[in-house]
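Okay, handing you the structure first.
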Amino acid sequence: MKGLCVSILWLAGVCLLAQSAPVAGAPTPLANLLDEARKNNPEIRASMHGAHAATYGAKQASALPDTQLMLQNLSVGSPKLLAGYTNSDFAYVGLGVAQEFPGSGKRGLRSKVASAQADVMTAQSQSVSRTVVEQVKTAYFKLAYLQATLDTLERDDQALGEIEQIAESRYRVGRGNQQEVLKAQLQHTKILQDISMHHREQAEGQIMLKRMLGRAQESPDIVPELLQQRPMPASVGDLQQQAAQGNADVKIRELAVRKTELQTQLAHKEFNPDFALQYMYQNTDRKFRDYYMLTFSVTLPNRGRRKAELGEANAMQRAAAAELEAEVQRREAEVKEQYTLASTAAEQLKIYREGLMPQAEAAFRAGLAAYQSNRLDFEPVLSSFRDLLDFQEQYQKQLSEYESALARLESLTGVTLP
């Protein structure tokens, strides 16, 4: 009777497992999702629009100041409009135009500064794109890990069913005890708990990945392909050099240095005067002659303020150069860190694949056969089963972390690793 109750509990667990298993569709290659993210991710689109908007700044900066049109009235003898217009040659109605002209070279430098800012915005847009691509890769690898681990749990749960059936058979013929059956059932329940947690993590991963792809949350879930271990990059030194040359954030700092250099040149130019021309036609009554006035003016810069602006520009240039140096060192260090993580994970994967998992599989199968023939206790069999399950899960986790480290290296260096 007790054995029947245990079997019923076991079948209930299997039903629960079947009900909670997600319906799998065709796997989607990672490359397809990356193309989709570059096209539909709202952060990428926003940064691209911002970079495009910045390209209009150069033309604005190089343009002349707005032209002024003027209408004047000079009254004589009274503040009233047109007073004295017919009886005084001083009263007039004037129409004029005025235009300011920045000093030589200022407009060109202002245009270059605006172009440099547009280049910075473009580099920032590329950095956003690379960051999103890296996030999509990491989320995809985690989903692949969860799916592979879920398959492992379900497969091992079926193997655990074999143990439970053997334990129950031994219990029925008096060669075992009920505790063995209950321990097998407890392990089965733990696996069900792990499967439930994996389903929750998969749901969270789907939400994040769909958001980065710009998909509706009600859209079908994404099925990742099975992870395949890529080869390790040959040299960390080459990767560090590529990061110093091709990293998006380093590029931003380099362009920022160029921008501050131009701003410093412009600050020097601001010591030069600006000019203005004004032409005025003044109409009087027909019996008086009209007036024509041309005015040339020079705006002398406030040298105290210009010196302060030049000092600020010089300080900003030195700060930008220091930030560039710090960024290069930071990215080179991060490349070294990610390379170390990837190489360590590669070593662990080899140990799991060539040593731990085959040995654990062999130990479990040998122990199960010995237990079935009454030559081994139940506890060692269950222990070897737990070891096998743990090694299989750890292998998939290490594989996900390995691929995530390579994805980070790709983002840091700007190159696609084989």
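The values are calculated or read from the model by the stated rules, or taken from the named source; none is laboratory data. Quick caveat, the model's predicted, so the values are computed rather than measured. Neighbour counts run over all protein chains shown; Cβ positions are idealised from the backbone, glycine included. Ligands, DNA and RNA are excluded from the accessible area calculation, which covers all protein heavy atoms including side chains. Shrake-Rupley method; radii C 1.70, N 1.55, O 1.52, S 1.80 Å.
When you have a sec, figure out the Kirkwood radius of the stretch 155-281 from all distinct Cα pair distances and drop it here in Å to one decimal?
Radius from the Kirkwood sum: 23.2 Å.
Another question, then. As a test question: what accessible area, to the nearest 10 Å², does residue 290 have when a 1.4 Å probe is rolled over all protein chains in place?
50
Using the Kirkwood formula over every pair of different C-alpha atoms, what hydrodynamic radius in Å results for the stretch 27-182?
24.3
Starting with the highest mean, order 378-390, 218-230 by the number of other Cβ atoms within 10 Å, averaged over the residues of each peptide.
Result, highest mean first: 378-390, 218-230.
Rounded to whole Hz and in sequence order, give me ³J(HN,Hα) for the stretch 82-90 from the Karplus expression 6.51 cos²θ - 1.76 cosθ + 1.60, θ = phi - 60°, writing x for Gly and Pro.
These are the phi-based 3J(HN,Hα) values: 6, 5, x, 5, 9, 10, 9, 7, 8 Hz.
Within the set of other residues whose C-beta is less than 14 Å from the C-beta of residue 40, count the net charge using Lys and Arg as +1 and Asp and Glu as -1.
Charge balance in the 14 Å sphere: +3.
Could you order peptides 247-260, 99-112 by the average number of other Cβ atoms within 10 Å of their residues, highest first?
Highest-to-lowest ranking by the protection proxy: 247-260, 99-112.
Tally Lys/Arg at +1 and Asp/Glu at -1 over every other residue whose Cβ is under 13 Å from the Cβ of residue 100; what's the total?
Charge balance near residue 100 sits at 0.
Go through (1) 22.7, 75; (2) 38.1, 137; (3) 27.5, 85 and flag the label whose value is the computed Rg and Dmax of the Cα atoms in Å for this structure.
Given (1) 22.7, 75; (2) 38.1, 137; (3) 27.5, 85, the structure-derived one carries the label (2).
Moving on to the next point. Compute the label zone of residue 276 within the stretch 299-315: residues whose backbone N is under 18 Å from the point 7 Å along Cα-to-Cβ.
Residues 299-303 qualify, since their backbone N sits under 18 Å from the label point.
Provide the net charge surrounding residue 324, with neighbours chosen by a C-beta distance below 15 Å and charges set as Lys +1, Arg +1, Asp -1, Glu -1.
-1
Also, I was wondering about something else. Which order do you get for 49, 198 if you rank them by accessible area with a 1.4 Å probe, largest at the top?
Solvent-accessible surface, decreasing: 49, 198.
Would you please put 50-61, 74-85, 128-139 in order of how densely packed they are, using the mean number of other Cβ atoms within 10 angstrom per residue and starting with the highest?
Put in order of decreasing packing, that is 128-139, 50-61, 74-85.
Per Stokes-Einstein, at 20 °C and 1.002 mPa s, what whole-number D in µm² s⁻¹ belongs to the stretch 172-218, with the Kirkwood radius over Cα pairs as the hydrodynamic radius?
This corresponds to a translational diffusion coefficient of 158 µm²/s.
If one computes the Cα centroid of the stretch 300-364 and of the stretch 200-232, what distance in Å separates the two points?
27
Moving to a separate point now. Mind ranking 337, 36 by accessible surface for me, highest first, 1.4 Å probe?
Of 337, 36, the descending order of accessible area is 337, 36.
Taking only Cα atoms of the stretch 264-305, what ratio of Rg to Rh do you get with Rh as the Kirkwood inverse-distance radius?
1.35
Please turn the phi angles of the stretch 217-230 into ³J(HN,Hα) values with the Karplus equation 6.51 cos²θ - 1.76 cosθ + 1.60 (θ = phi - 60°), one per residue in order, whole Hz, x for glycine and proline.
My calculation for the stretch 217-230 gives 5, 7, 5, x, 5, 8, 9, x, 7, 5, 5, 10, 5, 7 Hz in order.
Just the number please: accessible area per residue for the stretch 87-237, 1.4 Å probe, all protein chains included, in Å².
So the stretch 87-237 comes to 48 Å² accessible per residue, rounded to a whole number.
Now a separate question. How would 199, 188 line up by accessible area, probe 1.4 Å, largest first?
So, going from the largest accessible area down, we get 199, 188.
If you build a Gaussian network model of the chain, linking Cα atoms that sit under 10 Å apart, which residue out of 305, 365, 155 swings the most?
305
Would you mind working out the accessible area per residue for the stretch 242-375, using a 1.4 Å probe, and quoting it in Å²?
For the stretch 242-375, the per-residue accessible area is 60 Å².
A further question follows. Once R0 is set to 60 Å, what does the formula 1/(1 + (r/R0)^6) return for the Cβ-Cβ distance between residue 154 and residue 234, expressed as a FRET efficiency to the nearest 0.05?
0.95
Sketch the reach of a paramagnetic label on residue 165 as a point 7 Å from Cα along Cα-to-Cβ, and name the residues of the stretch 352-385 whose backbone nitrogen lies under 18 Å away.
Taking a point 7 Å out along Cα→Cβ of residue 165, the residues of the stretch 352-385 whose backbone N falls under 18 Å are 365-374, 382.
Another question, then. Keeping the other protein chains in place, figure out the carbon and sulfur percent of the accessible area of the chain, with a 1.4 Å probe.
55
For the stretch 192-236, go through all pairs of different Cα atoms, get the mean of 1/r, take its inverse, and jot down that Kirkwood value in Å.
13.0
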